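Following: one structure in structure tokens, then a few remarks.
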Amino acid sequence: MGDGRRATGWRLVRTAVAGVVAGVVLVGGVWAGVVAGPGAPFADRGALPDRAGDPSDPPVGASAGLDGPAEGAGAEAGGPEVGHGLLVGVAKTSIAPRPEDHGGRWETDPKACRTLDVGILERLGSHPEDIAHLVDTGSPWPENPNCIYQGGFGLGPMNPVRAFDTELGLWVRALAVSDGTYTIVLAVVDGEGWLWDYARKCARCGAKQIGADLGAELGIDPAGIVVAATHSHASPDFIGGWGFVPDWYMTQVADSIRSTIRDAVHAMEPAVVEVGESQARRLNRERRDTYHSAEEQQMGWLRAYVPTGEGPRVIATMGAYAAHPVTKGTNDGVAHPDWVGEFEKGVEDRFGGMGFHFMTGLGNMSPAGDVAAGLVDSIPDVGRGRVVTVPDVSAVRRTWLQPVTNVPLTALGLPGFFDRRFQTVPSTVSVGKGEMAPCVSASLVSVEVPAAVLRIGADTVITTGPGELFSNLTNTIKERTPERFTMSLSQANDALGYIPQSFELNPVGQQGLGFLLSGFLIVNYEDSYAVDRCFGDAVLHHTMEMIRG
């Protein structure tokens with residue numbers, strides 16, 4: 001979700017009101033039939049062992065790792081010692097639709113792809129033909145089920161995809177890093193989001209099931225497998241919030257995620273891994289409508305390469321930065337990876353190897369200037385980062401039941417207007433810095449959500465958040481993490497709306513008024529897409545507990 005909100009303000013007013021009306025009709029009659037029963041969340045895997053850095057290390061500056069030659073840069077090629085015991089592999093797979101391979105059909109004529117009819121929300125439950133559509137297609141949206149829709153603008157099926165960009169393409173990319181014993185994998189999909197647990201689509205498509213299945217197949221800990229999304233608004237919607245996702249296409253992309261992760265793990269080879277942090281203050285801006293907030297001003301980066309007699313052979317360059325990918329708009333119906341794809345292509349052209357990008361605290365961050373080119377230019381030359389010399393890779397993941405107190409979103413989520421599994425299980429959270437004034441919330445409706453912490457060597461931590469984390473949250477994680485380099489990823493292992501902290505969220509706006517005039521009149525637009533006022537506090541609480549041990 002992002003800056004497209006201002007162009008669709010009045011349409012959202014009607015949608016929000018209709019959603020509340022639909023909730024009154026739907027919750028009683030549809031709840032029991034579509035909400036899954038309680039599932040056992042993953043057990044707390046405990047805390048990661050402490051890996052404090054060298055106390056003699058100098059403080060991190062504006063461009064960390066740029067002062068003097070890189071450690072270990074003169075390592076010889078040819079043996080495991082080349083990467084100080086680390087192995088790295090990459091892979092990518094196109095997600096351009098292949099209906100012929102999956103027995104489906106892709107409708108590319110926008111005129112044949114229906115867009116949102118608000119009346120469907122008000123009629124559902126009283127018109128048998130609408131109920132029949134829900135049963136037949138698995139989606140209440142009344143559109144053509146052969147259409148693919150872009151995500152992130154407005155609500156409901158608005159922008160059908162008529163073609164896919166052929167210059168940059170849209171992909172699943174995966175980066176695997178191992179110390180020979182423990183392996184982590186960071187996969188990212190060119191899509192608006194990818195959910196932890198789908199309610200109906202492709203029973204084992206969620207990040208939860210993909211991690212469990214591949215963990216067992218490959219003999220690696222599922223806690224170290226991350227499935228993230230770029231959140232490009234011109235890319236396909238994989239959560240169902242902007243239209244039906246064809247079954248064949250959902251299966252194609254889920255299969256691509258699995259095969260790409262496998263390929264990355266099987267491609268691992270000894271490599272040097274270096275990390276750093278670059279200032280990128282001018283390339284994003286905060287966008288809250290009623291108060292000032294702080295940007296996340298740094299881009300974290302990681303690079304893997306193999307030294308050779310002819311110079312370094314780069315395997316991968318990964319960036320982690322916060323700025324909504326909305327520079328292409330709807331792109332006239334052509335699916336596009338936005339500035340993220342341009343960044344990935346830019347680092348590939350400059351360094352070689354494969355490019356990656358993961359979003360960090362983007363919930364309240366919009367792009368500014370030429371984001372892709374600016375970020376590419378900010379990364380130093382090969383060998384100028386801080387080399388990871390400790391061959392130690394690990395991960396820990398925790399899940400919990402988060403109360404869902406946003407009435408309009410619950411009214412849309414329970415009957416399947418977006419395909420996330422909700423549970424009719426009571427839950428309570430009480431989280432905060434201490435016991436003086438915790439954020440407390442409770443609900444009869446819950447959603448299982450994950451957070452994870454991954455470590456590479458003694459200096460680098462990667463955290464994951466299950467939606468659009470706000471920059472104050474990710475900045476706090478960076479500030480409170482003892483490791484030198486921290487990348488706090490958003491839209492990772494889930495895509496459950498905006499995630500501000502409680503002090504940033506207006507409870508009135510959360511109940512639908514944030515839709516009104518796109519948030520200009522009363523409150524912030526983003527508040528209406530937050531499932532609970534304590535969600536951000538809970539994410540921060542659990543992340544910090546895992547980091548601290």
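The values are calculated or read from the model by the stated rules, or taken from the named source; none is laboratory data. From a predicted model like this one, the values you see are computed outputs, not experimental measurements. Using ideal geometry, Cβ is built from the backbone for each residue, glycine included, and neighbour counts are taken over all protein chains shown.
This table checks each residue for (1) at pLDDT below 95; (2) of a type in the set (G, A, S); (3) within 28 Å of G369 (Cα to Cα); (4) surrounded by fewer than 24 Cβ atoms within 10 Å (Cβ to Cβ).
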| residue | (1), (2), (3), (4) |
| --- | --- |
| P222 | no, no, no, yes |
| G240 | yes, yes, no, no |
| A267 | no, yes, no, yes |
| V273 | no, no, no, no |
| E277 | no, no, yes, no |
| R287 | yes, no, yes, yes |
| Y305 | no, no, no, no |
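Give the residues of segment 262-290 that are among the aliphatic types (A, V, I, L, M) and farther than 27 Å from P367 by Cα, sorted by residue number.
Step one: list which residues in segment 262-290 are among the aliphatic types (A, V, I, L, M), which gives 264-265, 267-268, 271-273, 275, 280, 283.
A264, V265, A267, M268, A271, V272, V273 - these are the residues of segment 262-290 that are among the aliphatic types (A, V, I, L, M) and farther than 27 Å from P367 by Cα.
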Seminar exercise, completed: Scanning segment 318-377 for residues that are surrounded by 24 or more Cβ atoms within 10 Å (Cβ to Cβ) and hydroxyl-bearing (S, T, Y), the one farthest from E526 (Cα to Cα) turns out to be Y321
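For segment 152-168, what are the residues that are more than 15 Å from Y249 (Cα to Cα) and either in contact with a Ser or Thr (Cβ under 6 Å, 6 or more places away or on another chain) or modelled with pLDDT under 95 (or both)?
G152, F153, G154, L155, G156, P157, M158, N159
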Exercise. With (1) within 17 Å of G193 (Cα to Cα); (2) in contact with a His (Cβ under 9 Å, 6 or more places away or on another chain); (3) not charged (D, E, K, R) as the list, and I239 as the residue in question, which single condition is left unmet?
Worked result: (2)
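Taking the condition of being in contact with a helix residue (DSSP H, G or I) (Cβ under 9 Å, 6 or more places away or on another chain) and charged (D, E, K, R), how many residues in segment 220-238 meet it? Spell out how you get there, then give the answer.
Pass one, segment 220-238, residues in contact with a helix residue (DSSP H, G or I) (Cβ under 9 Å, 6 or more places away or on another chain): 220-228, 230-236, 238.
With the extra rule that they be charged (D, E, K, R), the set shrinks to 221.
Residues flagged as in contact with a helix residue (DSSP H, G or I) (Cβ under 9 Å, 6 or more places away or on another chain) and charged (D, E, K, R) within segment 220-238 amount to 1.
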Seminar exercise, completed: The one condition E468 fails out of (1) modelled with pLDDT under 95; (2) in contact with a Gly (Cβ under 7 Å, 6 or more places away or on another chain); (3) among the acidic types (D, E) is (1)
Problem set entry | The listed residue being touching a residue at least 24 places away in the same chain (Cβ under 8 Å), outside any strand (DSSP E or B) and on the phi < 0 side of the Ramachandran plot, out of R303, R258, R285 | R258
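Would you check if S259 is touching a helix residue (DSSP H, G or I) at 6+ places or on another chain (Cβ under 8 Å) and either closer than 20 Å to G103 by Cα or small (G, A, S) (or both)? Give the steps one after another, and end with the answer.
Details: touching a helix residue (DSSP H, G or I) at 6+ places or on another chain (Cβ under 8 Å): no; either closer than 20 Å to G103 by Cα or small (G, A, S) (or both): yes.
So S259 does not fit the description; no.
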Seminar exercise, completed: Checked pairs for segment 320-334, first on the phi < 0 side of the Ramachandran plot and assigned to a strand (DSSP E or B), second crowded, with 24+ Cβ neighbours inside 10 Å and among the hydroxyl-bearing types (S, T, Y), C-beta under 7 Å and 6 or more apart or across chains, list as A320/T360; Y321/T360
For this session: Determine whether segment 291-303 contains at least one residue that is at pLDDT below 95, over 28 Å from D392 (Cβ atoms) and crowded, with 20+ Cβ neighbours inside 10 Å.
Result: yes
For this session: Name the single residue, out of those in segment 94-142 being crowded, with 21+ Cβ neighbours inside 10 Å and under 24 Å from L170 (Cα atoms), that is modelled with the lowest pLDDT.
Result: C113
Exercise. Say we look at segment 301-316 and pick out the residues that are small (G, A, S) and closer than 23 Å to V265 by Cβ; which of these is farthest from the chain's Cα centre (by Cα)?
Worked result: A304
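When you look at E479, is it of a type in the set (D, E, K, R), surrounded by 24 or more Cβ atoms within 10 Å (Cβ to Cβ) and closer than 30 Å to T317 by Cα, yes or no? Steps first, answer last, please.
Working: of a type in the set (D, E, K, R): yes; surrounded by 24 or more Cβ atoms within 10 Å (Cβ to Cβ): no; closer than 30 Å to T317 by Cα: yes.
No; evaluated as a whole, the condition is false for this residue.
Out of the residues in segment 508-530 meeting the condition of being out of contact with any strand residue (DSSP E or B) (no Cβ under 7 Å at 6 or more places or on another chain) and not in a helix (DSSP H, G or I), tell me which one is modelled with the highest pLDDT. Full working, then the answer.
Going through segment 508-530, the residues out of contact with any strand residue (DSSP E or B) (no Cβ under 7 Å at 6 or more places or on another chain) turn out to be 508-525, 527-528.
Narrowing further to those that are not in a helix (DSSP H, G or I): 511-512, 520-524.
Numbers: Q511: 53, G512: 52, F520: 46, L521: 47, I522: 50, V523: 59, N524: 69.
Filtering segment 508-530 for residues that are out of contact with any strand residue (DSSP E or B) (no Cβ under 7 Å at 6 or more places or on another chain) and not in a helix (DSSP H, G or I), the one modelled with the highest pLDDT comes out as N524.
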Exercise. Of all residues in segment 204-250, how many are assigned to a loop (DSSP other than H, G, I, E, B), closer than 30 Å to T115 by Cα and more than 17 Å from the chain's Cα centre (by Cα)?
Worked result: 5
For this session: Please work out which one of (1) modelled with pLDDT under 95; (2) closer than 20 Å to I257 by Cβ is the condition V185 fails and give its number.
Result: (1)
Exercise. If you check V265, V253, which single one turns out to be within 30 Å of E526 (Cβ to Cβ) and outside any strand (DSSP E or B)?
Worked result: V253
Seminar exercise, completed: Within segment 459-497, restricting to residues that are part of a loop (DSSP other than H, G, I, E, B) and of a type in the set (D, E, K, R), the one that is nearest to V388 (Cα to Cα) is D459
For this session: Kindly indicate whether A216 is surrounded by fewer than 23 Cβ atoms within 10 Å (Cβ to Cβ), free of Cβ contacts under 8 Å to residues at least 24 places away in the same chain, of a type in the set (G, A, S) and touching a helix residue (DSSP H, G or I) at 6+ places or on another chain (Cβ under 6 Å).
Result: no
